[in-house]
Every structure is written in C-alpha cells, then in structure tokens.
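Participant: After the structure tokens below, expect a handful of questions from me.
Throughout, read-outs are computed from the coordinates displayed, never taken from laboratory work. Worth saying up front: this structure is predicted, and the values here are computed from it rather than measured. No Cβ is skipped: glycine too gets one built from the backbone with ideal geometry, and neighbour counts run over all protein chains shown.
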Amino acid sequence: MDAMDMEACASVEKELDRVVTKLEHLHKNASAEIGDIASLMSELVNVLGMAEQMVVTTLNTGTQMNAPGTGSPDDPMGENVNMQVETEPAAPQRLTDRQMDIIRDSIVKCNERVQKLSSEHRDLHGSVSKIGKAIDRNFSADFTSTMRVDALQDEDNLMLLNKAIAKHYCRQGMDDVARTLIKECKMSEEHAQDVFDSEREFAEIYNIWMQIQKRDLSEALKWAERHSGQLREGHSIVEFQLHRMRLFQLVSNGMVSQDEAIAYARTYVKNFPAKEIGYLMLSLIYVPVGLENTRYKHFLSQEMWTELSFIFLREACELLGISKNSALSVVVNAGCTALPALLNIKQVMQSRKVLGMWNGCDELPIEIDLPPEFRFHSIFACPILRQQTTEDNPPKKLTCGHVISNDALHKLSNGHILKCPYCPVEQNAEEAVRIYF
Amino acid sequence: MSEIKALEHATLKVPYEILNKRFRSAQKIIDREVDQVMNVSRQVEKALSAPQSPILSDVTKLMGNVAQKLQVLKRKADESITDELSVTQICKRKLEHLKGIVPPNRSDGEAWEGSVEQWKRIRLDRLVIEHLLRMGYYETAEELAARSDVRHLTNLDVFQTSREVEDDLAQNSTTKCVLWCIDNKSKLRKINSTLEFSLRVQEFIELVRQNKRFEAVQHSRRYFPAYEKTQLNEICHVMALLAYPTDTDMDHCRKYMDPKRWDKLVLDFRHENYRLYQLSSTSVFSAAIQAGLSALKTPQCYSQTCHNLNCPVCQDDLNRIALKLPYSHCVQSRLICRVTGLPLNEHNQPMMLPNGQIFGQLALPEITKDDGTVTCPVTNVKFSNPKIDKVFVM
C-alpha cells in the first residue's frame, strides 16, 4: 500500500465520517425534540381528558342526571377544572379561547419540529452522495478492457478455474470447502479425483509444516526417515537440520531429558556430517544450566523454527515433484500487481487514441514488474531488437560468446561476415549456434 | 495507480449503495410519518378555526391522534437512522481493513512482512468469495467465508437476497424477483432495466403454457400497457402466442416456450443486480486471474522441455486457461538457471553445454560427476569432459 492508496482511503473516510457525525447528531437531536413534543402532546391530551372527565363526573353526580349532549342545564363546575379557565356551562362542553390558544401553539410547534426533522434528514443527501463520488473518484471501477480476450467466458475454462480454486483450498486443508465447490459446480468425477489426488501429497506436507512451526517435530522426523534415501541422494540438508533441532530441543528440556538426549544422539549421530558432531555434542555440557545463555541460544528462537519449516516445505515439495506455492495464489497476487499497471497504460493509450495497438500483438503492452520469486522462466530479450526471442526467432550465441537474436544476426551480417555489435571480433555468421535458456 | 485504488472499488461501493438505499428509504419513511402527523394536526387546526369554538371531547380525541402519530414518527425515525448508522459501520470496517496493510510501526519490519502476507491471503479469500457468488456457488461462498472468518469483509449479505431470488426463479416462480424489482424500482428505472418486463412476459408465457388463455389476456391487459412505448415489438411477438397451440413448431413461438428462458432470467437478474450495485460485469478475481496468467506466461510454459514445477502457468489446468491470453512482455533479458533456480548474472555466469543448453556456473558442480562426465539435465545427454563456454548476455 502506498501513499496514493492511503490518500484514497482517507478521502472516502473523511466523507464517511462527516455523514456519521451528522447522522449521530440528527439521531440524538431528533429523538430528543420529537420526544419533547410528543410528551407535551400527551400531557395536553391528559389535561384535556381530565377536563372532560370533570364535566362528566360532575354531570353524573349532579342532581339532574341528564346525559351530556342532550342539552343539559347550566352547571357551574368550571372553577376547579385543571385548565384554569372557566368552561362553558353548555353541553357538549366547548373549548375556551385560552385552551384554544394553548393547543394552537403546541400544534404550530409540533409542525415545525417534524418538518425540521424531515428537512434535516433530507439535507444529508448531499453528504451521502459525496461518499459515492469520493469512491468513484479514487477507485477504478472497470476492468473489462484490461484484457484483450476474456478467457473466462468459456465454460470449459471456468470449470478449470473451479478446479484450481478447489485445489487451492485442498492444499490448505480445507477439504470441505473444496468438496462443497465440487458439488455445487457439478464438477466431473474425473476432475474432482484429480483435485484430491494432486493435493493429497501436499496436504501431508502442509500439516507437517504447520506442526514444525508449533515446535512439534515428531511427524517431520518420521517423514524424513521414510524419505531418507532420496533426501541424501539429492544432498538435502533438511534431515540433518530436523535431527539437530530435535537434539537441541531435548537438551533444552534440562536434566529430565538428559538420558533421552544422549540416546537420541547415539541413534542418529550417524546421520550428521562429521564436522558437526563435536559441536552438537558439546551442547550436552549445558544440560544442567539450559541453553538460554549459551552459544546455542539462537537455535531456540521462533525464527529458527519458522526457517526450518520453510526449508522442509521447499525440500519436501522438490522431492515429491510438486509446487510449493499454491498456483492460484501466485497467479492472483501477480494479477493484483499487474492490474494497476495495465489500467494505467490503458488510460494513457486511450487518451492518445492508440488503444488499437494493444489488439495487434499477443504480448502485454508493458512489462510487469513482478518480484523475483514470481520469475519461473528465463526470458531472453534481444539487446539489438529489444524483442523477446521465440521459436521462430531464437537466441544465438556468436563465436565471441555474445548472444543476440536470429533476426538481429541476419540484419547485422553482410553476406557471411558478421561483426559482433559488442566486441571487435569479425566472424562467420554461419558459426553462431542456437542456444536454450 | 496502486493496488487498492485499482482493485477495491466494489469493496466500498457496494456498502455505499446500501447506505444510499437505506438513506432514501429512511427519508421516505420519515416523510410519510411526518405527513401523518401533519394530517392529524391539520384536523385539529381546522377544528379550532371553525366559527363556533369546538367541542372539548372532539379536540381531545384529535389531539390524542396527534400524540400517537408523533410517537410512531419518533419510533420509526429512530429505527431508520439506527439502520443507516449500522451501514456506515460496515463501510467503516471495510475501510479499516483496507488501511490495515499499512505498517503500524516501521521498526518491526519482519512482523510487517508477515502481516502483508496475511492481508494478501485474506484478499485472495475475499476475491474468491466474490467470484463464487457471481457464479452462483452460494454454499461454497458461505462455507469459505465462515472457515476463513472474512464474512464482514465480503458482500455476502447483498448476495443473500439475490440467492433467494435466484432459487425462486430456478423453481419457475417470479414472485420474489418481482418483489425485488418493486423494492428497487426507482434505481432500476434509472438504469433502464427491462427485467420486470421480462418477468411479466414469462408470467404470460406460463399462463399460455397452461392453456389459461383468458387469464393470459387479462394479465397482458394489466401489465403490458406500461411498456407499450419501449417494448411494443416484443409485446406483439408475445401476444402472437395466443394464436398458436402450445406445441407449435413456429420458430419464434418455440423460442418463448423454451424452459431455458428461465435460466436466462436468472442471468438477466444477476446482471441487473451488478448494475444496481455498480459492480463491473467482470469480477476483480477474473480480471486478476487473467492479468496474472499473462504476466507469468512465457513461451517456455508451452514447451515440453522447459516446465518449471513452481510456475503456475506450467500446470495443466491453468496452462489451458492461459492458452489464448497474451504473453508477458519483456525488454530486458531475465535469465534463471533451470537447475538451481538462481538468477544468471555476474555472480552466476551463464555457461553453455555443447548442445546449446545454458546453465549457471553454480549449477555445474551439481551436474558434473567425479569422473568429469556432465549430464544435461534437460536432454539427459551425457558429455565426457565437455568444453563448456562462457556466454555473454547484455
């Protein structure tokens, strides 16, 4: 992540935070204000209700039991009614001017408040859409034209991709995810079998790899013993390193493991290179005090365990002839590096109206700067023509040892005579040999 | 352009679109409740402005209405705004994740490497999940999200609705999809979607299929006039179905009666759903896969003798996917020894065997036996005490 990413995230975040602050403000204020007016209203209703109640009660307890609404006689009950205003004696009871004023006031207030809520919320619209604009401005939305052909429109290729995904998760021990995918995409038996077959071996190694990181060597040692012959044939050091780590692990356990450490050394010492034996056995001196403060200290750090786990992973994969990386993750990570560059060049080509140039060739328009661990093959670019060599235009070694492409060789030679572009040697062009990287 | 700017548009845009939708529906709800309050309060005002002063009990009742509506408004406004706030939290969490790749403190370089690795792993999981969702592999997507604990960083919830709609369509029912169209009506109109029309046509076709021709006519009267302006041609074609038996051989009728039309509706729906959330029609995952394959693809990946175990493009499946993709571009030679995997440079000079095969100086001891025989690891040809030439690559 670089500064531009930071800036992009920050500008979206700024707009987002603005909306959050406003929403929170509105939330607090609106509920308070609407709550206020609502309780004021309820109070008014109560008061009115009580006023009414009084009338009814008075009427009911009065000497003349006339039902309200049938034109009851005068009834002087107004004094003690809560509205502090004299109520009209006639029934049905009517509101006094004062009551009407109070109600009018509160209604006006109520209208004001609710409209304010609505308009304040509406005012947020601008801020909300600013988030969207910030996202559109800072992030790119369209990948459709980064590729000349879309290989993933093809059903067969999509199924192959499903297979690659299933393999990837199989490798990481998520067999259940792989199985669900196989079921859901209706992958053929044959493909599904291939997924599990190819990754079964790796799954075991992956397990051991994780165990080593957790400082458990038992499975790793068993594995090394099983493949001991092949490992030694390939001059692998992993077996020795595993045994060495185990020995130090026993030694660092202290006195309780002393006998075990000695017995271990006796059993496996034959596996160690002669020059290392003395150094390793010396560690036994420190059994009583532990290895923490000795020259062996660094063997016990977590980095050594991590390092060991990766050495194991590399050597084991090499031995079994399988890739140590998940193909899917290598491809996707390489793609994530390539896409920004491709989007950039697309913009440039579009602005210069030369997008068509892309379509003509079967190479990407630019070189993608991938990290060295993503380089798997040699590529020879002719230093004269600045082109990659191909089957039709292979690299050739001149007699002086310099390498140029076949096309360049023909262009530079005069009849059979060729002067090397890099050194003073004149030579016969026929003597250049095809080489293979 | 940098990776996050180039790749993470959808990560932020989808929750933004949800926020925008929630905002609009909140506004609608608030406006409706405000209207309700205003309505009853207007009644009170009207009662008050009558020539004769109003009856106490009537006004009490009206005021009671106002109070009640106010309570409803308060509750609904509360709910809506809380809803909006919860979506902003989703946006926020995703932003935090995107920013999470920044080294928290520069001194701890090694731990940072680890966290970048971890971040990339999560990114891969996120991209795969998005791809799975687009392919309609919902169960796998759910399972993966749960296993790698990235649910909060994905758009699974948006796709949950689309899953329900798709399942419904797969069972030849339009109900949920029609509801979805109504739910997103204004937005769909903005992007000129014809999905709802296609659904109405399908409903019509089904009625014809069941020989309920009278109902079909009723259905057409009810729904088709709205599309008269834009879809007249299509409507004519569809109406023609009424004139033919359901098992007709007429080409254009068969096209409509084909049950595969349902599958097409699923795809149409998916497409409209992407457009609604402004997702591009290609997923980041598929773009990244193709760009990655291209960036890694070399002519050697397609030659029998040059396979590299660790090269993804050399593996069967990916090799076939990459077949039509462009090769990587390279103006500067980049040579790697096929034995040691180490780069060829001044510390590891390229050397040529008599058969033209080039290996690094450091690899020579590995392929040379004690008696001086050299075995070419590519062709398996043996040379006894061969002349090995230095090669100069500019």
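Participant: For chain B, take the longest principal axis of its alpha carbons; what is the angle in degrees between that and the long axis of helix B:156-170, to the nearest 10 within 0 to 90?
Facilitator: Once rounded, one gets 80 degrees.
Participant: Go through segment A:355-437 and name the GluC sites (Glu not before Pro) that are in a DSSP coil and have 12 or fewer other Cβ atoms within 10 Å of their Cβ.
Facilitator: Passing both the DSSP loop test and the Cβ count: A:Glu391.
Participant: Right, another one. Would you grab the residues whose amide H sits under 5 Å from the one on A:Cys185? Only those 5+ places off in sequence or on another chain, please, with H modelled 1.01 Å from N.
Facilitator: Excluding prolines and chain starts, which carry no amide H, there are no hits.
Participant: Still on this model: Just tell me how shielded B:73-83 is by partners: mean number of partner chain Cβ atoms within 10 Å of each residue's Cβ, no decimals.
Facilitator: Per residue, the number of nearby Cβ atoms from other chains is 5 on average.
Participant: Across peptide B:217-227, how many C-beta atoms of other chains are within 10 Å of each residue C-beta, on average?
Facilitator: Details: counts 0, 0, 0, 0, 0, 0, 0, 0, 0, 0, 0.
Mean partner-chain Cβ count within 10 Å for B:217-227: 0.
Participant: Now a separate question. Please give the peptides A:376-382, A:118-124 ranked by average Cβ packing (other Cβ atoms within 10 Å per residue), highest first, as a rough proxy for protection.
Facilitator: Working: A:376-382: 22.7, A:118-124: 16.7.
In decreasing order of mean packing, A:376-382, A:118-124 become A:376-382, A:118-124.
Participant: Can you compute 3J(HN,Hα) from phi for each residue in segment A:290-301, using the Karplus curve 6.51 cos²θ - 1.76 cosθ + 1.60 with θ = phi - 60°, rounded to whole Hz and x for Gly and Pro?
Facilitator: x, 8, 3, 9, 10, 5, 8, 3, 5, 5, 9, 6
Participant: Under the rule of at least 5 residues apart or a separate chain, name every residue whose amide H is placed under 5 Å from the amide H of A:His402.
Facilitator: B:Phe392
Participant: Charges on Cβ only, +1 for Lys and Arg, -1 for Asp and Glu, centred on the Cα centroid of the protein assembly as shown; of B:Leu353, A:Tyr279, B:Gln218, which one is farthest towards the dipole's positive end?
Facilitator: The listed residue farthest towards the positive side: B:Leu353.
Participant: Would you calculate, for chain B, the mean residue ellipticity at 222 nm contributed by helices, counting each DSSP H stretch of 4 or more residues as -39,500 (n - 2.57) and dividing by all residues, to the nearest 500?
Facilitator: After summing the helix terms and dividing by residue count, I get -20000 deg cm²/dmol.
Participant: Quick one: what are the phi-derived ³J(HN,Hα) couplings along segment A:124-140, Karplus 6.51/-1.76/1.60 with θ = phi - 60°, whole Hz, x for glycine and proline?
Facilitator: 5, 3, x, 4, 5, 6, 4, 4, x, 5, 4, 5, 4, 6, 9, 10, 9
Participant: May I pose another question? In degrees between 0 and 90, to the nearest 10, how far off the longest principal axis of chain B does helix B:195-209 point, with axes built from Cα atoms?
Facilitator: 80
Participant: So what is the relative contact order for chain A, in percent, with contacts set as C-alpha pairs under 8 Å and at least six apart?
Facilitator: 9
Participant: Starting from segment A:145-195, pick out the trypsin sites (Lys or Arg not before Pro) whose DSSP state is loop and whose Cβ has at most 10 other Cβ atoms within 10 Å.
Facilitator: Qualifying residues, ordered by number: A:Lys186.
Participant: Separate question: Which of A:Glu318, B:Glu228, A:Glu24, A:Glu13 has the fewest other C-beta atoms within 10 Å, and how do the rest follow up to the most? It would help to have the intermediate numbers written out before the result.
Facilitator: Values: A:Glu318 17, B:Glu228 9, A:Glu24 13, A:Glu13 20.
Listing A:Glu318, B:Glu228, A:Glu24, A:Glu13 from fewest to most nearby Cβ atoms yields B:Glu228, A:Glu24, A:Glu318, A:Glu13.
Participant: Sticking with this structure for a sec: Run the dipole for chain A about the Cα centre, Lys and Arg Cβ at +1, Asp and Glu Cβ at -1, nothing else charged, and hand back the magnitude in debye, nearest 20.
Facilitator: My answer is approximately 1920 debye.
Participant: Go ahead and estimate [θ] at 222 nm for chain A from helices alone: -39,500 (n - 2.57) per DSSP H run with n ≥ 4, summed, over the residue count, rounded to 500.
Facilitator: It comes out at -20000 deg cm²/dmol, rounded to the nearest 500.
Participant: Now, a different point. What's the magnitude of the charge dipole for the protein assembly as shown around its Cα centre, counting Lys and Arg as +1 and Asp and Glu as -1 at the beta-carbon? Answer in Debye, nearest 20.
Facilitator: The calculated dipole for the protein assembly as shown is roughly 1540 debye.
Participant: With a/c under 1.5 counting as rounded, go ahead and sort chain B into rounded, prolate or oblate using the C-alpha gyration tensor (a ≥ b ≥ c being the square roots of the eigenvalues; past the cut-off, prolate if a/b is larger than b/c, else oblate).
Facilitator: Verdict is oblate for chain B.
Participant: Taking amide H atoms as placed 1.01 Å from N in the peptide plane, list the residues 5 or more away in sequence, or in a different chain, whose amide H sits under 5 Å from that of A:Arg94.
Facilitator: A:Glu88, B:Leu56
Participant: Further, regarding this structure: Among B:Pro377, B:Val393, B:Phe204, flag the residue with its Cα farthest along the positive direction of the charge dipole of chain B, charges on Cβ as +1 for Lys/Arg and -1 for Asp/Glu.
Facilitator: It is B:Phe204.
Participant: Here's a follow-up. Just how large is the dipole of segment B:165-323 about the Cα centre, in debye to the nearest 20, putting +1 at every Lys and Arg Cβ and -1 at every Asp and Glu Cβ?
Facilitator: Dipole of segment B:165-323, to the nearest 20 debye: 520 debye.
Participant: Could you tell me which of B:Ala10, B:Ala141, B:Val72 has its Cα farthest along the dipole of segment B:3-148 towards the positive end, charges placed at Cβ (Lys, Arg +1; Asp, Glu -1), taken about the Cα centre?
Facilitator: Toward the positive end, the furthest listed residue is B:Val72.
Participant: Let me ask you something else. Taking other Cβ within 10 Å of each residue's Cβ, how do B:Trp119, A:Trp209 sort, fewest first?
Facilitator: B:Trp119, A:Trp209
Participant: Would you mind telling me which residue in B:Ala50, B:Ala145, B:Ala26 has the biggest mean-square fluctuation in a Gaussian network model of chain B, where springs connect alpha carbons within a distance under 10 angstrom?
Facilitator: B:Ala50
Participant: Can you give me the angle between helix B:138-148 and the longest principal axis of chain B, using Cα atoms only, in degrees from 0 to 90, rounded to the nearest 10?
Facilitator: The angle comes out near 60 degrees.
Participant: Picking from A:Ala408, A:Ala203, A:Ala192, which is most flexible by a Gaussian network model of chain A using Cα springs under 10 Å?
Facilitator: A:Ala408
Participant: Continuing with the same structure: Can you tell me which of B:Leu56, B:Leu318, B:Leu169 moves the most in a GNM of chain B? Springs connect C-alpha atoms under 10 Å apart.
Facilitator: Ranking B:Leu56, B:Leu318, B:Leu169 by mean-square fluctuation puts B:Leu56 first.
Participant: Could you derive backbone 3J(HN,Hα) for segment B:36-46 from the dihedral phi with the Karplus parameters 6.51, -1.76 and 1.60 (θ = phi - 60°), listing whole Hz in sequence and x where the residue is Gly or Pro?
Facilitator: 4, 4, 4, 4, 5, 5, 5, 4, 4, 4, 4
Participant: Taking the convex hull of the Cα atoms, report for segment A:376-434 its projected area averaged over all directions, in nm².
Facilitator: Average of the hull's projected areas for segment A:376-434 equals 4.0 nm².
Participant: Mind running the shape call on segment A:308-413? Use the C-alpha gyration tensor, a ≥ b ≥ c as the square roots of the eigenvalues: rounded below 1.5 for a/c, prolate if a/b tops b/c, oblate otherwise.
Facilitator: Judged from the Cα gyration tensor, segment A:308-413 comes out oblate (a/c at least 1.5, b/c at or above a/b).
Participant: Write out the cysteines belonging to chain B for which the nearest other cysteine Cβ is not under 4.7 Å, or none if no such cysteine exists.
Facilitator: Taking the Cβ cut-off of 4.7 Å, the unpaired cysteines of chain B are B:Cys91, B:Cys177, B:Cys181, B:Cys236, B:Cys253, B:Cys301, B:Cys306, B:Cys330, B:Cys337, B:Cys376.
Participant: Related question: Within 10 Å of each Cβ in peptide A:188-198, how many partner chain Cβ atoms are there on average? Round it to a whole number, please.
Facilitator: Values: counts 0, 0, 0, 1, 0, 0, 2, 1, 0, 0, 3.
That average works out to 1.
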